[in-house]
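The values are calculated or read from the model by the stated rules, or taken from the named source; none is laboratory data. Quick caveat, the model's predicted, so the values are computed rather than measured. With ideal geometry, Cβ positions are generated from the backbone for all residues, glycine too; neighbour counts draw on all protein chains shown. With ligands, DNA and RNA removed, areas are computed over all heavy atoms of the protein, side chains included. Shrake-Rupley method; radii C 1.70, N 1.55, O 1.52, S 1.80 Å.
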Amino acid sequence: MLETGGEAEMLAGFTSADVGPEAKEYNLLRADEEYRNGNVEHSMYYQVKAQFQSTDLRYLTESAELENQRPTIEELIKSASKLEKNDYKSKKFLQNIIKYLQQMEQEKPPKKTRNEIAEYLDFLEDVQDPTEGLTRIADKCNSLPQEWCVLQLCKSFNPATTYSVFNEIIASDGAIYLTLLRHCRSPQEGPICLRIYSENMVNLFREYSTLVERFKRVVTVDPLNMKGKEAKQKYWEELNGFDTFLHKLLADFREIISPYSFLFFGKRYDCTVVQKQTNTTYTRVDDFCLVNQWGSRQRVLLSQAALHANRLSPTDLKLICYELSSNENEIQSAYDLLKGLASDWTEVEESQPLASRRFPIILVVDERLDHLHWEQLVTVQEFSRVKSLHCLLRLFQNHKSNIKHGYYTTNIKRGMCVINPDADLVNSGRRLRSFFEYWLSQWQHLFETVPNEEVIVEQALQADCFVYAGHGSGLQYVNGRIICRARVRSVVFLFGCDSTRMLGTGLYSALYGAHDYYHGALCPSVVGTLMPALDGNMDTVSVTILSLWLAPGDNKVMPWTHIDRVSWLKNGIIKGKEEPTPTMNDQPNYHLGSLCSILSLVQQGKVEPNIYNCCIYVCRGLPAWNLAVEKLPL
């Protein structure tokens, strides 16, 4: 056990970046202990700390700067011993070296000192006290855009899997810590934490751990054996069986989280009527909490429920009230309050449609929970995932000047695509070639050609947008470390099976996905998949996402929603499904600026109806907005 002997005392002095996975286990253990002892604030500190690993530092571009940057003269002199300082005073040669280096520093001062870079990469590195740590966490979160809600999802410590492989860890039992690092009442109220556990969770984790292999067993077939009617019928029966299994799994997942699903709604768009109703809502909530002597945690939860009451069913509202209190009078009073506010918000949305739209939620997802379909809890909500709070803060700091109203704003003009580089996805390659030549004719295209690393790093990743479509994530064509050492300016789309799924790099190691390399290189946003998909379905989803978010090279093309889908899927031929066919000039409101809102449509099944086709697409990093197709409405 981690707490035996002197090991716990030794690990307490290290950051997660010092000892890697074992420190993660230690921090999760401490988070559990503190929560059980009633020290919830301390628990939140250890949860945040557990998400940042040693390998994360290796893959950051700034680490190379840190390695190559020598200490400043002031740092050298300060770190010298008394003997070394006396030696320096008596040696003219050493004094001349110091003078020369000081002159060089004056001519070209370092942008950041080594200490500044280290603090910037791990803002908790020098913190040992949990109270001080949570204060710093809250301060950092309060520096983020006020439009964001930041939710952290963390799996509890399980001693049985301390040195287990990934599949054993994700299949093991455990609780989920849901921490609101930044919420609707921030910064007036600090972060709060909920521990979610149900006896059904052990089965949920076990079933989820088999999901990818189940799907692969169904769809991995020999084409030569699929020519007969019986073989085709069996294939579709098994695929429909998988669809039913996944529907049941998601229903179980929603039921476990259901008392707290309302926390996955983001803040409403900030218009005048919303501000007025929000102030009224908070006043009524605060008065209610004052009368009933409710604390900070209940105030935050009731506020969140009150802001989105019209999107919740009466059953949902009742469940929330039972979570807030065990007093029947208080439960009924809270329910009446929420029902009244639901009617008020409905009237607001009817008077101002903008009031029904919500800003993105940033999900900080533990690597051991990343395979769960969190976006399916509230499919109408915009989400983006990050691996750790450290990752989010780093991306925010580097792209701060381009973040407006909670969105990373970009203006996509120049792009590049790499399509079917192995040239073995014949049908998919034909379909995607026709789309890119039709819709994005102005882009640089690479069809059925294996790219070299120089093309990827110097051209694709320096464009406004980069799209890869082929097997996996594309890392087979470029070393992840080379991506990390480049500064990626593109918004990246990885349309391949498992393209951003978390994978183990060894028996006992941190988990990594392709997106981690891109975020290491400060790529603002990456769209990818959580598991495999059929190529025809993925092609349909990918071109729909791209057509809604990217302006065509010529406005005389027809909107992609008006093409004959069967003709395109079978033969890659683009033609209208009706006469006369409209053009993009006829539909000025076709596009959506928010990338996450398009992914929300995919999650709702509005692009591909089968659940195994729609629930696998996620955005990672900053929520992006393409100003080239739609201005911000705020």
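Using a cut-off of 16 Å between alpha-carbon atoms, which aspartates and glutamates can reach LYS89, once sequence neighbours fewer than 8 places away in the same chain are excluded?
By straight Cα distance, LYS89 reaches GLU74.
Please give the peptides 297-310, 321-334 ranked by average Cβ packing (other Cβ atoms within 10 Å per residue), highest first, as a rough proxy for protection. Let's see the in-between values first.
Working: 297-310: 22.6, 321-334: 15.5.
Highest-to-lowest ranking by the protection proxy: 297-310, 321-334.
Kindly write out, for the range 222-232 in residue order, the coupling ³J(HN,Hα) from the Karplus curve 6.51 cos²θ - 1.76 cosθ + 1.60 (θ = phi - 60°), rounded to whole Hz, with x marking Gly and Pro.
The phi angles translate into 8, x, 5, 8, 10, 7, x, 5, 5, 5, 5 Hz.
Over all distinct Cα pairs, what is the inverse of the mean 1/r for the range 268-356, reported as the Kirkwood hydrodynamic radius in Å?
Details: mean 1/r = 0.0762 Å⁻¹.
So the Kirkwood estimate lands at 13.1 Å.
Can you give the % of DSSP beta bridges in the chain that are antiparallel, to the nearest 5?
On the way: 23 of 52 bridges.
Here the antiparallel bridges make up roughly 45 percent for the chain.
Which order do the peptides 417-426, 277-286, 237-246 take when ranked by the mean count of other beta-carbon atoms within 10 Å per residue, highest first? Write down the numbers at each step before the final one.
Working: 417-426: 18.4, 277-286: 16.9, 237-246: 15.0.
In descending order of packing, they fall as 417-426, 277-286, 237-246.
Would you list which aspartates and glutamates come within 17 Å of LYS92, measuring only between C-alpha atoms, while excluding same-chain residues fewer than 8 positions from it?
GLU84
By average Cβ neighbour count within 10 Å, what is the ranking of 389-398, 579-588, 26-35, 226-235 from highest down? Before the final figure, lay out each step's value.
Working: 389-398: 20.9, 579-588: 12.3, 26-35: 22.9, 226-235: 10.5.
Answer by packing, highest mean first, reads 26-35, 389-398, 579-588, 226-235.
Could you tell me which of rounded, prolate or oblate describes the range 419-495, using a ≥ b ≥ c as the square roots of the eigenvalues of the alpha-carbon gyration tensor, with rounded for a/c under 1.5 and, failing that, prolate when a/b is larger than b/c and oblate otherwise?
Values: a/c = 2.22, a/b = 1.40, b/c = 1.58.
Note, shape of the range 419-495 comes out oblate.
Which value in deg cm²/dmol, rounded to the nearest 500, describes the helix-derived mean residue ellipticity at 222 nm for the chain, given -39,500 (n - 2.57) per DSSP H run of n ≥ 4 and division by the residue count? Write out the running numbers ahead of the final one.
Numbers: 28 runs with 303 residues, N = 634.
My calculation for the chain gives -14500 deg cm²/dmol from helical runs alone.
Considering only protein heavy atoms, what is the solvent-accessible area of LEU83 at a probe of 1.4 Å, reported in Å² to the nearest 10?
LEU83 has an accessible surface of roughly 140 Å² with all protein chains in place.
Could you give the size of the charge dipole of the range 117-217 about its Cα centre, using +1 on the Cβ of each K and R and -1 on the Cβ of each D and E, expressed in debye and rounded to the nearest 20? Numbers along the way, then the final one.
On the way: 10 positive and 14 negative charges, 121 e Å.
Value, rounded to 20: 580 debye.
Can you match Cα extents along the principal axes in Å to one of these, [x] 84, 60, 55; [y] 74, 68, 49; [z] 91, 68, 51, based on a calculation from the structure here?
Computed from the coordinates, Cα extents along the principal axes in Å corresponds to [z].
For the range 624-633, in order, what is each residue's ³J(HN,Hα) by Karplus, 6.51 cos²θ - 1.76 cosθ + 1.60 with θ = phi - 60°, in whole Hz (x at glycine and Pro)?
Result, rounded to whole Hz: 9, 9, 8, 5, 6, 10, 7, 6, 5, x.
Taking the radius of gyration and the Kirkwood hydrodynamic radius from Cα positions alone, what is the Rg/Rh ratio for the range 471-553, to two decimal places? Each step should come with its number before you reach the end.
Values: Rg = 13.8 Å, Rh = 13.8 Å.
Expressed as Rg/Rh, it is 1.00.
When the accessible area of the chain is computed with all protein chains present and a 1.4 Å probe, what percentage of it is carbon and sulfur? Could the numbers behind the result be given before it?
On the way: 13660 of 27440 Å².
Answer for the chain is 50 percent, counting heavy atoms of protein chains only.
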